[in-house]
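The values are calculated or read from the model by the stated rules, or taken from the named source; none is laboratory data. Everything quoted here is computed from the prediction, not taken from an experiment. Glycine gets a Cβ as well: all are built from the backbone with ideal geometry, and neighbour counts include every protein chain shown. We work out accessible area using only protein heavy atoms, side chains counted, and drop any ligands, DNA or RNA first. Shrake-Rupley method; radii C 1.70, N 1.55, O 1.52, S 1.80 Å.
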Amino acid sequence: MNTIKTYEEFEQLIKQDLCIVIAKTKTCAVCTPLTDKLMAFMKDYEKIPVYQVYLEDVSLFQGQHLVFTVPTILIFSDSKEILRESRFIDFNKIQRLFDIYLG
């Protein structure tokens, strides 16, 4: 998983067909185990890139995408947000979305 360092980098990355961004903070106790669970889940979808963004490092991200709680998983397709899950992540919903997009 790559870490997004700037908002400009983020804007370029989300132009892909499909990608996931997990927003988190460095002090979040829930973020690390959830990131591990996300990466295990994504083993079935290796073609979909996953990125992490630390809100302390890219503060513009938090304001532009209205991230009020962490962890927040955002899924983008062609620069548009198509799904957002915060705090209690429904991986079944993410799986259904991927099944629709990937056929």
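Quick notes on this one:
- Filter pass, PHE88 being open to solvent by 80 Å² or more (accessible area, probe 1.4 Å), modelled with pLDDT under 95 and out of contact with any His (no Cβ under 8 Å at 6 or more places or on another chain): yes
- LEU55 without any contact (Cβ under 8 Å) to a residue 40 or more places away in the chain and of a type outside the set (Asp, Glu): yes
- Selection of helices (runs of 4 or more DSSP H) fully inside the stretch 1-67 by the criterion of at least 1 residues being more than 20 Å from LYS80 (Cα to Cα) returns 31-41.
- Condition met for VAL70 (open to solvent by less than 80 Å² (accessible area, probe 1.4 Å), in a strand (DSSP E or B) and not aromatic (Phe, Trp, Tyr)): no
- Residue count for the stretch 23-47 satisfying the condition of being open to solvent by less than 30 Å² (accessible area, probe 1.4 Å) and of a type outside the set (Ser, Thr, Tyr): 7.
Residue by residue, here is whether (1) over 11 Å from the mean Cα position of the chain (by Cα); (2) at pLDDT below 95; (3) within 12 Å of MET1 (Cβ to Cβ) holds:
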{"residue": "LEU38", "(1), (2), (3)": "no, no, yes"}
{"residue": "MET42", "(1), (2), (3)": "yes, no, yes"}
{"residue": "LEU66", "(1), (2), (3)": "yes, yes, no"}
{"residue": "ILE75", "(1), (2), (3)": "no, no, no"}
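- Lone unmet requirement of (1) open to solvent by 30 Å² or more (accessible area, probe 1.4 Å); (2) in contact (Cβ under 8 Å) with a residue 24 or more places away in the chain; (3) out of contact with any helix residue (DSSP H, G or I) (no Cβ under 7 Å at 6 or more places or on another chain) for ILE20: (1)
- When ILE14 is tested against (1) among the aliphatic types (A, V, I, L, M); (2) open to solvent by less than 20 Å² (accessible area, probe 1.4 Å); (3) at pLDDT 95 or above, just one condition goes unmet, and that condition is (3).
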